[in-house]
Amino acid sequence: LGNPSKIQLIEIGPGKGTLICDVLRSALTTFPDFAAALTSSNNGDTSGEGGKKKVAVGVHLVEVTDGMRSRQKESLQKLQGETTVMEKGFSFSFDDSEREIDNVQEHDPSNDKQIEQSNAISINWHDLLSSVPTHDAETGEPIPTFIICQELLDALPIHSFQKIEGGQWRERLVDVAVRDKEEESSEVTKIKQAAGRMKYSDAESEDSITESTSTSSSTAEEKGAKKLPRLRFVLPPDTTPALRTLLRVSGSGSPLEGKTAEALNALPTGSVVEACPEGLLLAQDIADRIEKCNGGAALLIDYGEDGASSRDTMRGFWRHTQVHPLSRPGEVDVTADVDFAALRESVNQRIGLEESLKRKHFADTGKVPPPSTNIEQEKPINRPEAFGPVSQGQFLASMGIVQRVEKQIEADSTTDEQAYELYSALERLLAPDQMGERYKVLAIARKKEGLFPPAGF
């Protein structure tokens with residue numbers, strides 16, 4: 001990229017705004033050229049009703065909930081008031097009026113004047129990545145984009161498939177069952193007596209236990225007892241469209257021919273395979289955006305493995321305690337491990353629609369395409385690729401985190417308490433038994449000079 005004068009920084013799923021504040025703090029205090037490239041001066045696209053300005057340069061946060069937007073804005077306002085940031089002469093201009101779902105807030109024209117300040121960094125919120133503008137309205141040139149996505153992919157919905165007897169596969173679905181309150185209490189007691197076999201905590205609500213215990217509905221009806229609804233996992237008798245599409249199985253659930261079939265057939269009965277189509281599409285959208293913007297890079301950080309785990313990784317968390325994922329619907333955070341190998345291949349092995357239709361035609365007819373059809377599409381020169389994953393510990397160490405922490409600890413202004421906190425944080429991020437190995441980092445970028453991967457990979 002060299003040293004572009006205008007760039008944009010995007011975070012998808014910013015949470016409380018902690019990471020974006022850390023990035024901006026580092027840029028403002030240590031990398032002034034990067035911070036200056038984020039400043040806005042009449043650089044946006046003009047579109048929408050009333051010609052509302054959509055600023056391309058600056059910071060863009062993709063967040064759909066108003067509550068989290070408020071927390072992110074509060075964090076950024078605190079950052080703006082920090083002494084070290086104020087001394088650098090930068091300011092933030094907030095525009096949270098952009099809504100893709102519903103325009104509940106009116107655009108504030110006073111923000112336009114702030115955006116035109118030479119050292120003002122525009123902070124914008126969006127519901128969708130696709131709503132973030134890509135080009136400078138004045139020059140028509142694309143704005144290089146840098147994207148961060150931390151601990152978002154694990155929260156995206158998954159499809160869960162399980163191998164049953166006979167080598168066939170079924171998709172795990174969620175069902176609603178009811179049971180008599182008296183029987184419920186009896187069954188819960190039995191389950192909790194076998195707590196050694198459970199991986200979920202007692203924080204789970206008793207009317208949401210999803211163990212596969214039987215229910216005698218007829219007895220309950222005779223007693224006139226109140227029925228209690230609960231959620232449970234079930235395996236349907238037939239295959240689903242998602243199963244046939246994502247795992248490439250037949251109508252009976254048997255894997256079709258190919259490498260995927262070999263891998264599925266090698267797994268023992270009871271194995272679980274998870275797929276996250278939304279995650280794969282997001283990775284492809286990010287790569288497409290980097291290509292469209294003529295440069296940039298993305299970091300995807302989450303916990304997971306370099307490949308499918310062949311086990312059930314879906315978990316639920318409620319008040320920092322692991323619980324059954326189907327307990328307390330709407331209150332439990334449901335998460336699953338990220339398959340980084342699938343993300344990497346979704347970016348690196350993409351084909352166009354025409355080639356996809358050709359492959360489907362030959363697959364449907366059972367014919368082998370002749371060499372002259374050129375089924376394999378030639379890859380564009382230096383197209384954005386996915387690199388990694390590497391462990392978080394390896395990535396941070398290669399990027400110099402140890403040296404930076406040592407420098408901060410040795411600074412005269414650092415107290416003993418601050419030094420201890422810095423060391424503890426470093427250990428937590430790098431140690432294999434903490435976050436160092438469990439968390440992985442995937443990059444999407446072009447190779448430097450067409451040959452070299454990005455730093456850290």
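Points to keep in mind about this one:
- Identity of the residue in the stretch 405-457, hydrophobic (A, V, I, L, M, F, W, C), assigned to a loop (DSSP other than H, G, I, E, B) and touching a residue at least 40 places away in the same chain (Cβ under 8 Å), that ends up surrounded by the fewest Cβ atoms within 10 Å (Cβ to Cβ): A455
- Scan of the stretch 53-78 for residues that are surrounded by 18 or more Cβ atoms within 10 Å (Cβ to Cβ) and aliphatic (A, V, I, L, M), ordered by number: V55, A56, V57, V59, L61, V62, L76
- In the stretch 1-35, of all residues being free of Cβ contacts under 8 Å to residues at least 40 places away in the same chain and of a type in the set (A, V, I, L, M, F, W, C), the one that is surrounded by the most Cβ atoms within 10 Å (Cβ to Cβ) corresponds to A27.
- Highlighted here are the strands (runs of 3 or more DSSP E) found entirely within the stretch 218-334 that include at least 2 residues which are open to solvent by less than 30 Å² (accessible area, probe 1.4 Å): 272-275, 296-305.
- Pick from the stretch 127-186, criterion part of a helix (DSSP H, G or I), modelled with pLDDT of 90 or more and not aliphatic (A, V, I, L, M), ranking: surrounded by the most Cβ atoms within 10 Å (Cβ to Cβ): D154
- Filtered residues of the stretch 1-52 (kept if assigned to a loop (DSSP other than H, G, I, E, B), among the aliphatic types (A, V, I, L, M) and either in contact with a helix residue (DSSP H, G or I) (Cβ under 9 Å, 6 or more places away or on another chain) or at pLDDT 95 or above (or both)): I7, L38
The values are calculated or read from the model by the stated rules, or taken from the named source; none is laboratory data. Since we're looking at a predicted model, the values are computed, not measured. When we count neighbours, we look across all protein chains shown, and the Cβ atoms used for this are built from the backbone with ideal geometry, even at glycine. These accessible areas exclude ligands, DNA and RNA; they are computed on the full protein's heavy atoms, side chains included. Shrake-Rupley method; radii C 1.70, N 1.55, O 1.52, S 1.80 Å.
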